[in-house]
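Single-structure report; data block below.
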């Protein structure tokens, strides 16, 4: 590869934060805003880079756009992008060799871990992490931090006693380390991380720190944004705009809520300033200064606005943040440089520490209670989560969804999933594409009608009452019903291929397979995936034990007589299964309630692990190609 192409490849890989092999529009946008380009520049560059308007920028499109820009003397936008993205720090790792990555991210992520997990007694041998060195990568190597981070985001994801901790003065064997790392990677997938190109060896050897940082960024982002919602902060209802309903507000992402929160305080402070990103709009520290002064004028003055030096302003902002009770993990230069990721971290820290919103009156709280989820909706919400995680792990280039109903609305992502589980099914020239990022409702309906036709035809799904407009309108039951059948079809296809059979594997065969394995060990069997005995959790542990009996400590397992004991059994069983390489998305409550669909996915994950063998467990996503793992 020519030196020029290698440079472009390095730039592309740095921008490709999720390691998908394609740049999403969001990743390109973040990279452009970080170097100070405006929205008009962004739209111009997007037109050059995304010629086929599919919402993603491939390496080939990126290379072509860069070289085209370089050939025009009056077009320096993309050349500036290249030069700025090339400004990476080369650091010599302890094991030797130079590696290129952002030390600003290392500093921030290390400090975030120190702040959020520093009190955990079981992590005292690892913490604190030195943020000014490659210590972060060293401390990640045994997998314990990764497992603990998953629990920080979603408590109960990992059963703590299933983690392999080193004994005082000793180190873990590579076998125990690999178990932790596989458990950590699978748990990251379970909480929603995109893990397509990282395996146990990548973290253990730390030969490519960028991969580790990419995974850590997802975890950091989830942890800082996880409580920015109406459930945890009902006072966010203060941010509703004229004519907006609570249901409308619930659809906002945490990032958009934070932008609205900043603009709310700017407006209440009487400032005409408004922001629409966490990059160029906040780099001068003006918005931060006004917002913090409005939240607590006694602790945060506005003297920063009298300073001409942007770094001095940012340093004053950090000082004010400390006065509010924050423990900032970023540096002043990160704010002044307009680093969008790190400014998002800083803003979220401000909100989580001191939102500065008036508490709601009883009448207002009652309005929020009216939109509370009933038990059935809670089950639907968990199903949405499971099917979303499944779709995100199909390895579709440039594909990642945050909400099944919202992100399937225009039909494009739904068609991508259909084409992934049955390649060649979708004729893409028949598919409507957005123009300037927007799509009319009739075009969304056309895409979803096409998806339903393919579902009924080539995929053989049963969709008697489902129409394309139902998906566009986000009718939950119908969307979940269709996606469940797709998930089931993909699962049985995969198991058929792994087993070498000619006919698709039915649910009864999955049940028989697991029962045979547990019976051979003298453990629990079940009559069906709706068997009430599943609720006590012992069968969940037994199924995991069929992979590796020695991995289960039966002294931990109880008879599951109480709901609490049963839930602990299930959490332990799921954790052991993930530790042994199973990709499990269902949550313990799904099993405890004996939701048959979710129980079946758990059993299928166990069966798949039997058929793929132990080697696959060492890879973050075993269906990844050699190219994506390179």
Original post:
Looking only at helices (runs of 4 or more DSSP H) that fall completely inside the range 304-358, which ones have 1 or more residues that are within 13 Å of residue 104 (Cα to Cα)?
Top reply: 332-336, 340-353
**OP:** Sort out which residues of the range 130-164 are more than 19 Å from residue 211 (Cα to Cα) and in contact with a helix residue (DSSP H, G or I) (Cβ under 6 Å, 6 or more places away or on another chain), and write them in order of number.
**Re:** 152, 153, 156, 157, 158, 159, 162, 163, 164
Original post:
In the range 121-152, what residues are part of a loop (DSSP other than H, G, I, E, B) and either closer than 20 Å to residue 179 by Cβ or in contact with a strand residue (DSSP E or B) (Cβ under 8 Å, 6 or more places away or on another chain) (or both)?
Top reply: 125, 126, 134, 141, 142, 143
Subject >> Subset of the range 153-200 [outside any loop (DSSP other than H, G, I, E, B) and over 24 Å from residue 552 (Cα atoms)] >> reply: 153
**OP:** Name the residue, out of 566, 542, that is over 29 Å from residue 500 (Cβ atoms) and in a helix (DSSP H, G or I).
**Re:** 566
Original post:
Going by the structure shown, is residue 273 touching a helix residue (DSSP H, G or I) at 6+ places or on another chain (Cβ under 8 Å) and surrounded by fewer than 19 Cβ atoms within 10 Å (Cβ to Cβ)?
Top reply: yes
Original post:
Tally time: how many residues in the range 552-574 are in contact with a helix residue (DSSP H, G or I) (Cβ under 7 Å, 6 or more places away or on another chain) and either crowded, with 24+ Cβ neighbours inside 10 Å or touching a residue at least 40 places away in the same chain (Cβ under 8 Å) (or both)?
Top reply: 7
Original post:
When the residues of the range 220-234 are filtered to those that are more than 30 Å from residue 107 (Cβ to Cβ) and crowded, with 17+ Cβ neighbours inside 10 Å, which remaining residue is modelled with the highest pLDDT?
Top reply: 234
Original post:
Of the residues that sit in the range 578-618 and are out of contact with any helix residue (DSSP H, G or I) (no Cβ under 8 Å at 6 or more places or on another chain) and either at pLDDT 90 or above or assigned to a helix (DSSP H, G or I) (or both), which one is farthest from residue 530 (Cα to Cα)?
Top reply: 615
Subject >> Among the candidates 250, 239, 211, 181, residue that is at pLDDT below 90 and touching a helix residue (DSSP H, G or I) at 6+ places or on another chain (Cβ under 6 Å) >> reply: 211
Original post:
When you go through 577, 544 one by one, which is the residue that is within 30 Å of the chain's Cα centre (by Cα), under 19 Å from residue 610 (Cα atoms), surrounded by 23 or more Cβ atoms within 10 Å (Cβ to Cβ) and without any contact (Cβ under 8 Å) to a residue 40 or more places away in the chain?
Top reply: 577
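The values are calculated or read from the model by the stated rules, or taken from the named source; none is laboratory data. Keep in mind that this is a model prediction, so the values were computed, not measured. Methodologically, a virtual Cβ is constructed for each residue, glycine included, from the backbone with ideal geometry; neighbour enumeration extends over all protein chains shown.
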